[in-house]
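To start, the structure itself, in structure tokens.
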Amino acid sequence: MKATDKVEIGSTGLQVTRLGLGGVALSGAPPATDPEQKTSETEATHLIHRSLDVGINYLDTAPMYGVGQSEVRYGQALHGVERNRYVLSTKVGRVLDPVEPGRPEMAWSFDFSRQGAIRSFETSLERLGLD
């Protein structure tokens with residue numbers, strides 16, 4: 001068994017590699033690969049591209065990873081990459097809201113209601129810049 005062997009997710013028809021690339025350390029927020037040194041945007045993009053180059057096609061992120069920055073970085077790195085080269089997952093029910101009204105700082109919370117799930121999905125797509 002190799003890390004780049006592919007398996008189907010349930011009965012979806014989606015084939016993903018046994019090893020995936022998680023986005024928490026790519027977000028630029030602690031904990032990163034080295035808690036004393038944040039992962040730069042350039043390093044995150046390089047790692048995403050290198051993972052695809054060696055055959056890893058499963059990429060994972062979430063709104064709470066770097067308070068949205070993991071999704072932003074994945075979106076930037078995947079812009080222009082053929083869609084059939086990767087399977088990307090994020091989390092539903094995690095929403096971002098301003099810490100204080102009118103301030104740019106965001107905080108995440110859980111909202112598994114119908115509206116929360118829809119909002120989570122739509123805002124993830126906006127941060128990713130992907131369809």
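The values are calculated or read from the model by the stated rules, or taken from the named source; none is laboratory data. This is a predicted model, so every value here is computed, not measured. Note that we place each Cβ from the backbone using ideal geometry, even for glycine, and neighbour counts take in every protein chain shown. Each accessible area value is taken on the protein alone, full model and side chains, heavy atoms only, with ligands, DNA and RNA left out. Shrake-Rupley method; radii C 1.70, N 1.55, O 1.52, S 1.80 Å.
A few points about this structure:
- Residue match in the stretch 46-59 (condition: under 11 Å from the mean Cα position of the chain (by Cα), within 17 Å of Ala25 (Cβ to Cβ) and open to solvent by 30 Å² or more (accessible area, probe 1.4 Å)): yes
- Residue list for the stretch 75-94, filter: of a type in the set (A, V, I, L, M, F, W, C) and either closer than 19 Å to Arg50 by Cβ or modelled with pLDDT of 95 or more (or both): Ala77, Leu78, Val81, Val87, Leu88
- Among the residues of the stretch 1-32, those identified as hydroxyl-bearing (Ser, Thr, Tyr) and open to solvent by 80 Å² or more (accessible area, probe 1.4 Å) are Ser11, Thr12.
- Condition met for Arg114 (open to solvent by 60 Å² or more (accessible area, probe 1.4 Å), modelled with pLDDT of 95 or more, out of contact with any strand residue (DSSP E or B) (no Cβ under 7 Å at 6 or more places or on another chain) and under 25 Å from Lys2 (Cβ atoms)): no
- Residue match in the stretch 44-56 (condition: of a type outside the set (A, V, I, L, M), at pLDDT 95 or above and over 26 Å from Glu8 (Cβ atoms)): yes
- Residues satisfying the stated conditions in the stretch 76-104, i.e. touching a residue at least 12 places away in the same chain (Cβ under 8 Å) and in a loop (DSSP other than H, G, I, E, B): His79, Val81, Tyr86, Thr90, Lys91, Val92, Gly93
- Residue within the stretch 110-124 that is on the phi > 0 side of the Ramachandran plot and within 16 Å of the chain's Cα centre (by Cα) present: no
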